[in-house]
Amino acid sequence: MSTPEMHTLAGAFALDAVNDVERAEFARHLEQCDSCTQEVAELRATAARLGAAMAEEPPPGFKDRVMTAMHATRQLPPRTRPGAPERHRRSVRAPRWAVVVSAAAAVVGLAAGGVFGGIALTQQQELQAAQSRLDQAKQQFAPVAALLAAPDAKTAHGEAPTGGGVTVVLSRSLNRVMVMDAGLPSQPGGKVYEAWLITGAAAPRPAGVIAAADRGGLVVADGVAGADKVAVSVEPPGGSATGTPTEVLMSMPVPA
């Protein structure tokens, strides 16, 4: 495998979505490539922060109900075709893109949503509530999963003068960017943080209000072609009403 092709495995390696051979080859590649080493570390840190931002404590007695259900529920036998010899049964490997996206979704969507669908089988209301939350998590984090799985995903971190900062993940191929709260202090009076994309001397373009911590603390926006900077401003509740930043807190170059 050539070096240019090896660079594209950074996202998959960070999410453990490579096979054993690729893992070994890429590990050797990391010994000689500082940029990929940094990329893998930043992607792993971003995924970990996403999961931590959405982590939830299970309700009281949840573990006891799970253990009770495990002991009382009979396991289904494996499905086999009648008369099919054991040696003829083969598994079908999913295509690479499906493995990568599934791994990313598991990191930033399903795990972050704190939902374990089969656990609530004995409690219909809990199952319905879990399914609803699972659907919401899938919808909310699908763009994030695709972004983290993009072969050209790049990350950068910027510090704010007031403390904390933001982590930016950008993919030119997807034309998408994510701006994630990384410890920005809460604002009084319901004020919010809003992200902006800046291209040269042109007026900043709004990328959206950064969601509250209990909703992931991030914003995802498409249409990043040409943008060379990301800015964060402090705005009244709901974001800028004029389409221009009210109080610019910080700006930083987009990941190269």
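The values are calculated or read from the model by the stated rules, or taken from the named source; none is laboratory data. From a predicted model like this one, the values you see are computed outputs, not experimental measurements. When we count neighbours, we look across all protein chains shown, and the Cβ atoms used for this are built from the backbone with ideal geometry, even at glycine. What goes into the accessible areas is simple: the full protein's heavy atoms, side chains included, and nothing from ligands, DNA or RNA. Shrake-Rupley method; radii C 1.70, N 1.55, O 1.52, S 1.80 Å.
Do we have Gly183 as under 18 Å from the mean Cα position of the chain (by Cα), open to solvent by 50 Å² or more (accessible area, probe 1.4 Å), under 26 Å from Gln38 (Cα atoms) and modelled with pLDDT under 90 here? Considered against the rule, which asks whether it is under 18 Å from the mean Cα position of the chain (by Cα), open to solvent by 50 Å² or more (accessible area, probe 1.4 Å), under 26 Å from Gln38 (Cα atoms) and modelled with pLDDT under 90, Gly183 comes out as yes. Return only the number of the condition from (1) surrounded by 14 or more Cβ atoms within 10 Å (Cβ to Cβ); (2) out of contact with any Lys or Arg (no Cβ under 9 Å at 6 or more places or on another chain); (3) of a type in the set (Val, Ile, Thr) that Thr244 does not satisfy. Condition not satisfied by Thr244: (1). Listed conditions (1) open to solvent by 70 Å² or more (accessible area, probe 1.4 Å); (2) more than 25 Å from Gly11 (Cα to Cα); (3) of a type in the set (A, V, I, L, M, F, W, C) are all met by Ala212, apart from (1). Taking the criterion of being charged (D, E, K, R) and at pLDDT below 75, the residues of segment 123-178 that qualify are Glu126, Arg133, Asp135, Lys138.
Here is a yes/no grid of residues against (1) in contact with a strand residue (DSSP E or B) (Cβ under 6 Å, 6 or more places away or on another chain); (2) free of Cβ contacts under 8 Å to residues at least 60 places away in the same chain; (3) farther than 23 Å from Ser240 by Cα:
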| position | (1), (2), (3) |
| --- | --- |
| Asp152 | yes, no, yes |
| Thr162 | no, no, no |
| Val168 | yes, no, no |
| Arg176 | yes, yes, no |
| Pro185 | no, yes, no |
| Pro188 | no, yes, no |
